[in-house]
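The values are calculated or read from the model by the stated rules, or taken from the named source; none is laboratory data. Quick caveat: nothing in here was measured; it's all calculated off a predicted structure. We place every Cβ from the backbone using ideal geometry, glycine too, and count neighbours over all the protein chains shown.
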Amino acid sequence: MARPLSEDKRDAILASAIELVAAMGTGAPTAKIARQAGVAEGTLFNYFPDKDALLAATFLDLEGELARTLVEGVPAASEPRERIRHVWDRLIDWSMANPVRLKALRQLKVSDRIGAESRRCGEAFFADFMTMLDEALAGPAERLSIDFVGAVLNALAEITLDFIAREPGRYHHYRALGFETFWRAIAR
């Protein structure tokens with residue numbers, strides 16, 4: 001009879017994969033991931049059938065965490081602008097607090113080793129946020145593509161994070177300025 005898989009070991013493997021993907025990209029060797037997680041490489045493959053499955057699980061773990069973080073505590077009774085502002089602040093705060101996780105997620109998002117099904121699952125995590133964006137776009141901006149708006153949000157978040165990294169003392173200034181720039185771009 002096979003031993004039941006340990007959630008702690010699975011979590012350790014994912015944590016190791018996040019660190020090493022951030023440091024080395026998706027080419028990080030499974031042997032190194034396993035060693036850093038404190039398991040044998042064969043044990044890693046008891047949890048994930050191959051490296052692509054490990055990378056997909058890592059991608060989904062990070063996407064799920066980010067999506068949950070963004071919508072946590074959104075003031076439901078507030079105007080769409082305030083709900084989007086809450087999400088924006090959470091995005092910037094999570095990104096600044098988790099630079100290794102953000103770097104790994106960026107690496108995984110551009111990797112051809114993450115399949116279409118994993119990408120669809122990752123997008124599904126953001127359904128609540130996309131609904132909020134849709135509500136915010138009702139009116140003059142409704143002609144904008146939701147994908148375009150998402151790309152603008154991501155680009156402005158990157159710029160905002162770069163400026164915060166340059167001038168950490170102006171964190172709140174740049175976080176607010178980034179949001180105002182985003183809102184003006186989509187609200188017309």
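Considering region 40-64 alone, what residues qualify as being in a loop (DSSP other than H, G, I, E, B), at pLDDT 95 or above and surrounded by fewer than 20 Cβ atoms within 10 Å (Cβ to Cβ)? Within region 40-64, 49, 50 meet the criteria.
Residues that are within 13 Å of the chain's Cα centre (by Cα) and among the small types (Gly, Ala, Ser) within region 63-88 comprise 64, 67, listed in sequence order. With the structure loaded, tell me whether residue 79 is among the charged types (D, E, K, R), within 30 Å of residue 186 (Cα to Cα) and in contact (Cβ under 8 Å) with a residue 12 or more places away in the chain or whether it fails that test. Answer is no for this residue.
Specify which of the listed residues (18, 13, 33) is touching a Lys or Arg at 6+ places or on another chain (Cβ under 8 Å), part of a helix (DSSP H, G or I) and surrounded by 17 or more Cβ atoms within 10 Å (Cβ to Cβ). Can you show your working first?
Numbers: 13 fails: touching a Lys or Arg at 6+ places or on another chain (Cβ under 8 Å); 33 fails: touching a Lys or Arg at 6+ places or on another chain (Cβ under 8 Å).
It is 18.
I'd like to check something: does region 149-160 contain any residue that is in contact (Cβ under 8 Å) with a residue 24 or more places away in the chain, out of contact with any Leu (no Cβ under 8 Å at 6 or more places or on another chain) and over 19 Å from residue 70 (Cα atoms)? No, region 149-160 has no match at all.
Any residue at all in region 36-46 that is of a type in the set (Asp, Glu) and under 20 Å from residue 101 (Cβ atoms)?
In the first step, residues of region 36-46 are kept if they are of a type in the set (Asp, Glu); the result is 41.
Applying the additional criterion that residues be under 20 Å from residue 101 (Cβ atoms) yields none.
Within region 36-46, not a single residue is of a type in the set (Asp, Glu) and under 20 Å from residue 101 (Cβ atoms).
Cβ-Cβ distances below 6 Å connect the following pairs, each with a first residue in region 47-74 that is more than 14 Å from residue 26 (Cβ to Cβ), a second residue that is modelled with pLDDT of 95 or more and among the basic types (Lys, Arg), and a separation of six or more residues or different chains: 47/10; 69/90; 70/90. Does residue 21 fit the bill of being among the β-branched types (Val, Ile, Thr) and either in contact with a His (Cβ under 6 Å, 6 or more places away or on another chain) or free of Cβ contacts under 8 Å to residues at least 40 places away in the same chain (or both)? In short, no.
Test of understanding: among 134, 93, which residue is part of a helix (DSSP H, G or I), among the charged types (D, E, K, R) and at pLDDT 95 or above? Lay out the reasoning, then the answer.
Numbers: 134 fails: at pLDDT 95 or above.
Residue meeting the stated conditions: 93.
Search region 103-116 for residues being in contact (Cβ under 8 Å) with a residue 60 or more places away in the chain and in a helix (DSSP H, G or I), and hand back the single one that is surrounded by the fewest Cβ atoms within 10 Å (Cβ to Cβ). Among those residues, the one meeting the criterion is 103.
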